[in-house]
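Beneath this line is the structure, given in C-alpha cells, with notes to follow.
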Amino acid sequence: MLFNKNMSAIHAYLCADGYVIKNPVTQKHKYYYIGLRNTCLDLLEDFENKFEAEFNTKPRRGKDGRSVVQNKELYYFLTKDHSYYSKNWNMPELSKENLKYWLRAYFDCEAWVSLETRKSRLIGLDCMNLEGIKHIKKSLGRFNIPSKMKKVKGRNIFRLLIYGKENLVRFQRDIGFLHPQKKEKLKKIIGDYVNYNWIFPEDETELKEFVLNKARISERGIRFFSIFKKNLDELVKILSLIGIESKVYGPWINGLGNRYFQLSIHKKEQIIKFKSYF
C-alpha cells in the first residue's frame, strides 16, 4: 500500500473511528464493510472525498448518517497488511508531509480539547493501543511537539497530553484540526494565554471587573489562583482596604506539574462582604 496524503488520512480515520469488517466464517450471508462512525459532517465529507479520490468509489451515507462502503476488493486491499482494530492498529511509516495528514485525521476523531481559563489548557488523547500511542508520541516529536503519556488509573487506557503555549501553537500550525469545534477551542486556548503579571486598574469600576474575572466562586468560598505569589499578595492588600480578610496558600503543584499559589476567602461574613462590594 502506497501512502499519499489521502491514504494517510483514510488509514487514520479507519484506525480511530472507522471499521473494516467482513462476515463471520459461520455466517452464510457475505458482506464486506468499510466505514467511519464519526458524526461530524466535516470529517465525514473529508473521509468521503479522500476515499473517492483514492479509490474512485464514494462512500454512501448509511441510515445512521455515517459513511460506509460495501466492497470486497477494497476490504482485502485495506486489510492485506494492516489492522484497524482499536487495540492493535499500527501507524505506517510516513514522510513528514503525509504524517501530518495521518495525525490530523486521528486527532480530529479521538482527541479532546480542554480549556479552564488560567489553569488548564491542553489537547488530550485516550487510546487502548499502547504501541500505537507510543508511535503517535514519537511522531509528534518530528514536529517538535513534546507530549506526556500515562496510563489511566483503573482502566486499560493510555492518555497522551499536549500542553504549553508553544507546543499548542506548533500543533495548530503544523497539524491542526478540521473538526470545527475542536479547531475553535484550540484557537481559544492559545488566545487564553495572557501576561501572568497582574496589573490592577486604578478606576474602581474597572478594578471590580478585573477582580471578579479572576475570582472562582463556589459553595466552599472564593478563590484566586496565580503562578506568581506577588499577584495574590497585592490582591490581599486591596481586599484589606475594603475590610475583607483573605489568605495566600502555596506553592502547590497541579496535576500537570505546574507550580501555583491560591488566595482564599472562606469565612462566611467575609464572603458576604466580597459579594456585596464586587
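Just so you know, all these numbers are worked out from the coordinates, no wet-lab data involved. Model, not experiment: these values are computed from the prediction. Here the Cβ positions follow ideal geometry from the backbone for every residue, glycine too, while neighbour counts run over all protein chains shown.
Determine the distance separating the Cα centre of the stretch 98-121 from the Cα centre of the stretch 161-231; give it in Å without decimals.
Here the two parts' Cα centres lie 18 Å apart.
Out of the trypsin sites (Lys or Arg not before Pro) in the stretch 39-81, which ones are loop residues according to DSSP with at most 10 other C-beta atoms within 10 Å? Intermediate values should be presented prior to the final figure.
Values: sites: Lys50, Arg60, Arg61, Lys63, Arg66, Lys72, Lys80; in loops: Lys63, Arg66, Lys80.
In loop regions of the stretch 39-81 (DSSP not H, G, I, E or B), the sparsely surrounded trypsin sites (Lys or Arg not before Pro) are Lys63, Lys80.
R0 = 51 Å: FRET efficiency of Lys96 with Ser276, Cβ-based, nearest 0.05?
Working: r = 59 Å, r/R0 = 1.15.
E(calc), rounded to 0.05, equals 0.30.
Looking at the stretch 198-259, which chymotrypsin sites (Phe, Trp or Tyr not before Pro) are in a loop (DSSP not H, G, I, E or B) and have at most 16 other Cβ atoms within 10 Å?
Passing both the DSSP loop test and the Cβ count: Phe228.
Return the long-range amide H neighbours of Arg121 (sequence gap of 5 or more, or a different chain), with a cut-off of under 5 Å between placed amide H atoms.
Excluding prolines and chain starts, which carry no amide H, the hits are Glu116.
How many percent of all Cα-Cα pairs in the chain sit more than 27 Å apart? List each step's numbers first, then the result.
Working: 20268 of 38503 pairs.
Pairs farther apart than 27 Å: 53 percent.
Determine the relative contact order of the stretch 204-277: mean sequence separation of Cα pairs under 8 Å and six or more apart, normalised by residue count, in whole percent. Don't skip to the answer; put the middle values down first.
On the way: 93 pairs, mean separation 22.5, N = 74.
Result for the stretch 204-277 is 30 percent.
Compute the long axis of helix 96-110 from its Cα atoms, compare it with the longest principal axis of the Cα atoms of the chain, and write down the angle in degrees, 0 to 90, nearest 10.
70 degrees
Counting only GluC sites (Glu not before Pro) that sit in a DSSP loop (anything but H, G, I, E, B) with at most 12 other Cβ atoms within 10 Å, what is the longest stretch of the chain containing none of them? Before the final figure, lay out each step's value.
Numbers: sites that count: Glu93, Glu202, Glu219.
Between the exposed loop sites, the longest stretch runs 94-201.
Calculate one ³J(HN,Hα) per residue across the stretch 169-180 by plugging θ = phi - 60° into the Karplus curve 6.51 cos²θ - 1.76 cosθ + 1.60, and present them in order as whole Hz with x for glycine and proline.
Once θ is set to phi - 60°, the couplings for the stretch 169-180 become 5, 4, 4, 4, 6, 9, 10, x, 10, 8, 4, x Hz.
Treating only the Cβ of Lys, Arg, Asp and Glu as charged (+1, +1, -1, -1), what charge dipole size does the chain show about its Cα centre? Round to the nearest 20 debye.
940 debye
What is the angle, in °, between the Cα long axis of helix 130-141 and the longest principal axis of the Cα atoms in the chain? Nearest 10 is fine, range 0 to 90.
70 degrees
Hand me the trypsin sites (Lys or Arg not before Pro) from the stretch 150-188 located in a DSSP loop with no more than 16 other Cβ atoms within 10 Å, in residue order please.
Details: sites: Lys150, Lys151, Lys153, Arg155, Arg159, Lys165, Arg170, Arg173, Lys182, Lys183, Lys185, Lys187, Lys188; in loops: Lys153, Arg155.
Of the trypsin sites (Lys or Arg not before Pro), the ones in loops of the stretch 150-188 whose Cβ has at most 16 other Cβ atoms within 10 Å are Lys153, Arg155.
Based on the Cβ-Cβ distance of Asp81 and Asp42, what FRET efficiency does E = 1/(1 + (r/R0)^6) give at R0 = 25 Å, to the nearest 0.05? The partial results should precede the final answer.
On the way: r = 29 Å, r/R0 = 1.17.
With R0 = 25 Å, the Cβ-Cβ based efficiency is 0.30.
Expressed in nm to one decimal, what extension gain is obtained for the pair Asp192 and Val169 from 0.36 nm per residue of sequence separation less their Cα-Cα distance?
Working: separation 23, 0.36 × 23 = 8.28 nm, distance 1.21 nm.
Full extension from Asp192 to Val169 adds 7.1 nm.
Excluding residues fewer than 8 places away in the same chain, name every one of the lysines whose C-alpha is closer than 24 Å to that of Lys63.
Lys22, Lys28, Lys30, Lys50, Lys72
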